[in-house]
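S.K.: One structure follows; several queries about it will come next.
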Amino acid sequence: MIDKVFAISGNKISSFIIDENSLKFSSQNFNTFTAFQDAWNKKLSLATKVEVKYDSIKSIKKEENDDDVYITYKAIGGISVDCVFSFKYKNEDEVLFNYFIREHFYQKVDEALTPFKAIQNYLIGLFATVGVTVFSYYEAIGIANGTVEEAHSRKTRQFNNIIELLGDKGVILIGTGVSLFLLYKIWTRYKNPPNQIKFVPPNR
């Protein structure tokens, strides 16, 4: 355990601590380890909390020239999920890596990604972008024509409001822009796959 709160950027997570049996992530920011623990132990809280137990971790990865750290672990039902974040301050990733090497005997592996492995996440993102763009395009046309059913949930209403504001041309413009960016990343990473450092538990 390290008596420190790490400031990070991630999906609905802003800080984490290295606790005795797990990594604990929160959407809130804290100045002290004790303040983090006190907030974590409160049963009633609007904060997002994610706990990654050490015995569920399959690997910790980070690409060269990239700030994102990927912690792959087994979630409920044995499904493998990724917790992705980047540190706000330099060299704090080394504190995390060294902790797992020193305290949990993780093995460090330097590996060159294959071209397909280097682009697979971007391919998934591209297919998702195309799918969302097509759906949003027809939704925008339906809203303009008045053929879309009235939304009953707040999130659906917010989505429809955004689509109505953008219009069908705006949806296509944004979708095309994102798709072109992903295609550029796919092409450059396929031509020159990056190296990656990977930390795995012993006997894996």
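S.K.: Within the range 197-204, is there a residue that is assigned to a helix (DSSP H, G or I) and open to solvent by less than 70 Å² (accessible area, probe 1.4 Å)? Give the derivation first.
M.R.: Just the residues of the range 197-204 that are assigned to a helix (DSSP H, G or I), to begin with: none.
The answer is no, given that none of the residues of the range 197-204 is assigned to a helix (DSSP H, G or I) and open to solvent by less than 70 Å² (accessible area, probe 1.4 Å).
S.K.: Can you name every residue in the range 101-122 that is loosely packed, with under 15 Cβ neighbours inside 10 Å, touching a helix residue (DSSP H, G or I) at 6+ places or on another chain (Cβ under 9 Å) and either under 17 Å from L183 (Cα atoms) or of a type in the set (F, W, Y) (or both)?
M.R.: P115, F116
Residue by residue, here is whether (1) among the acidic types (D, E); (2) open to solvent by less than 100 Å² (accessible area, probe 1.4 Å); (3) at pLDDT 90 or above holds:
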| position | (1), (2), (3) |
| --- | --- |
| S153 | no, yes, no |
| N160 | no, yes, no |
| I163 | no, yes, yes |
| L173 | no, no, yes |
| S179 | no, yes, yes |
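S.K.: Still on this structure, I have one more. Out of (1) at positive phi; (2) touching a residue at least 24 places away in the same chain (Cβ under 8 Å), the odd one out for G146 is which?
M.R.: Checking G146 against (1) at positive phi; (2) touching a residue at least 24 places away in the same chain (Cβ under 8 Å), the one that fails is (2).
Residues are listed down the side, and each one gets a yes or a no for (1) part of a strand (DSSP E or B); (2) out of contact with any Asp or Glu (no Cβ under 9 Å at 6 or more places or on another chain); (3) open to solvent by less than 80 Å² (accessible area, probe 1.4 Å):
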| position | (1), (2), (3) |
| --- | --- |
| F6 | yes, no, yes |
| N29 | no, yes, no |
| Q37 | no, no, yes |
| V52 | yes, yes, yes |
| I60 | yes, yes, yes |
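S.K.: I've got another one for you. Somewhere in the range 78-92, is a residue among the hydroxyl-bearing types (S, T, Y), in contact with a Cys (Cβ under 8 Å, 6 or more places away or on another chain), free of Cβ contacts under 8 Å to residues at least 24 places away in the same chain and at negative phi? Break it down into steps so the answer makes sense when it comes.
M.R.: As a first pass, look at the range 78-92 and keep what is among the hydroxyl-bearing types (S, T, Y): 80, 86, 89.
Now restrict to residues that are in contact with a Cys (Cβ under 8 Å, 6 or more places away or on another chain): none.
There is no residue in the range 78-92 that is among the hydroxyl-bearing types (S, T, Y), in contact with a Cys (Cβ under 8 Å, 6 or more places away or on another chain), free of Cβ contacts under 8 Å to residues at least 24 places away in the same chain and at negative phi.
S.K.: Kindly list, by first and then second residue, each pair from a residue in the range 151-176 that is farther than 13 Å from V134 by Cα and among the polar types (S, T, N, Q) to a residue that is part of a helix (DSSP H, G or I) and open to solvent by less than 50 Å² (accessible area, probe 1.4 Å), limited to pairs with Cβ atoms under 8 Å and residues at least 6 apart or on different chains.
M.R.: So the pair list comes out as N160/E139; N160/I143.
Yes or no, residue by residue, for (1) assigned to a helix (DSSP H, G or I); (2) under 24 Å from F199 (Cβ atoms); (3) in contact with a helix residue (DSSP H, G or I) (Cβ under 9 Å, 6 or more places away or on another chain):
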residue: Y73; (1), (2), (3): no, yes, yes
residue: F97; (1), (2), (3): yes, yes, no
residue: F127; (1), (2), (3): yes, no, no
residue: G131; (1), (2), (3): yes, no, no
residue: E139; (1), (2), (3): yes, no, yes
residue: H152; (1), (2), (3): no, no, no
residue: G175; (1), (2), (3): yes, no, yes
residue: V178; (1), (2), (3): yes, no, yes
residue: L182; (1), (2), (3): yes, no, yes
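S.K.: Return the total of residues in the range 184-196 being in a helix (DSSP H, G or I) and either within 23 Å of I60 (Cα to Cα) or under 20 Å from the mean Cα position of the chain (by Cα) (or both). Please lay out each step first, then the result.
M.R.: First pass over the range 184-196, keeping only residues in a helix (DSSP H, G or I): 184-191.
This time we only want the ones that are either within 23 Å of I60 (Cα to Cα) or under 20 Å from the mean Cα position of the chain (by Cα) (or both), so: 185-186, 189-190.
Summing the residues that are in a helix (DSSP H, G or I) and either within 23 Å of I60 (Cα to Cα) or under 20 Å from the mean Cα position of the chain (by Cα) (or both) in the range 184-196 gives 4.
The values are calculated or read from the model by the stated rules, or taken from the named source; none is laboratory data. As the structure is a prediction and not an experimental result, all values here were calculated from the model. Heads up, the Cβs are rebuilt from the backbone with ideal geometry, glycines too, and the neighbour counts pull from every protein chain shown. Note: areas computed on protein heavy atoms with side chains; ligands, DNA, RNA excluded. Shrake-Rupley method; radii C 1.70, N 1.55, O 1.52, S 1.80 Å.
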